[in-house]
1. Mind pulling the angle between the C-alpha long axis of helix 27-49 and the longest principal axis of the chain? Nearest 10 degrees, somewhere in 0 to 90.
2. What residues from region 1-27 fall in the zone where the backbone N is under 19 Å from a label point 7 Å along the Cα-to-C-beta line of GLN45?
3. Ranked highest first by the average count of other Cβ atoms within 10 Å around their residues, in what order do 34-46, 50-62 fall?
4. Computed from the coordinates I sent, volume of the Cα convex hull per residue in Å³ equals one of (i) 86; (ii) 168; (iii) 206. Tell me the label.
5. Using 1/(1 + (r/R0)^6) with R0 = 35 angstrom and r between the beta carbons of ARG55 and LEU35, what's the FRET efficiency to the nearest 0.05?
Amino acid sequence: MSDTQKVTAHVPVELLRRAKAATGKGTTETIRLGLDLLAASKAAQEVRRLRGTVRLDLDLTELRSDRR
């Protein structure tokens, strides 16, 4: 993560305390994790939206052949 942007945000003290307790990390790491989770949630929502609209033609036996 080479590019960063310094931000100032007003965050409820109790929310930040609970989030830091949940992660066991500091403020910056906790906020980064929260932003990552939010972005991942949006991506998962988009994948769910596509459910049933993308046809996959997969041979599971062939895909699993490297496990032997």
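1. Long axis of 27-49 versus the principal axis of the chain: about 30 degrees.
2. So the set is empty, nothing qualifies.
3. Working: 34-46: 10.2, 50-62: 6.5.
Taking the mean over residues of other Cβ atoms within 10 Å, the ranking is 34-46, 50-62.
4. Derived directly from the coordinates: (iii).
5. Working: r = 34 Å, r/R0 = 0.96.
After rounding, the FRET efficiency stands at 0.55.
Taken together, the values in this text are just the output of simple stated rules run on the coordinates, not laboratory data. These numbers come from a predicted model, not from an experiment. Methodologically, a virtual Cβ is constructed for each residue, glycine included, from the backbone with ideal geometry; neighbour enumeration extends over all protein chains shown.
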